[in-house]
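First the structure, in the form of structure tokens, and then the observations on it.
The numbers here are math on the coordinates, done by the rules we state, and not lab data. Nothing here was measured: the structure is a model prediction, and the numbers come from that model. Because the Cβ atoms are built from the backbone with ideal geometry, glycine has one as well, and the counts that use them run over all protein chains shown.
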């Protein structure tokens, strides 16, 4: 078989079969990356974000950590023979999962408005968006005013009894901007 004929056959194969597969896979990966949920800010935090607001498929949603499952997995992991444990095993077995919820638009708006007041009076250290986050630098004498002012509408989470529709469950490593909290004060 001569090289010209081989090259011609290869080009034809590439154009008809290989290129469409590559383009489809690239398109899926790009879409996957663009559609990753973004952790916008946390309202509750204890060792990791417990709950707060995320962006999912272009809209704001409420997220909550499944703490029980996380701590149950940590206990199981720690009961194993420590000499055989690896960091990779712990990363997989001790994964933190979050449930994403749709909540009524008026409740979400109250949470967003309350967060804006929090940002102004306390700071931007609960935000995970790199373009918004700032370390907490306000002195205690300033941000305590937020906590002492009972006239402010402070709705940091959906009030009890709020209708919440579960959308999906994701692992912490699927959140964009998740790791920002590591740099919090």
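How many residues does the stretch 159-172 contain that are out of contact with any strand residue (DSSP E or B) (no Cβ under 6 Å at 6 or more places or on another chain), under 14 Å from residue 51 (Cα atoms) and assigned to a loop (DSSP other than H, G, I, E, B)? Working first, answer last.
Within the stretch 159-172, the subset out of contact with any strand residue (DSSP E or B) (no Cβ under 6 Å at 6 or more places or on another chain) is 159-163, 172.
Okay, now just the ones that are also under 14 Å from residue 51 (Cα atoms), so 159, 172.
Now drop any that are not assigned to a loop (DSSP other than H, G, I, E, B), which leaves 159.
Here the count works out to 1.
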Working only within the stretch 138-156, note down all residues that are without any contact (Cβ under 8 Å) to a residue 24 or more places away in the chain and loosely packed, with under 11 Cβ neighbours inside 10 Å. 139, 140, 141, 148, 150, 151
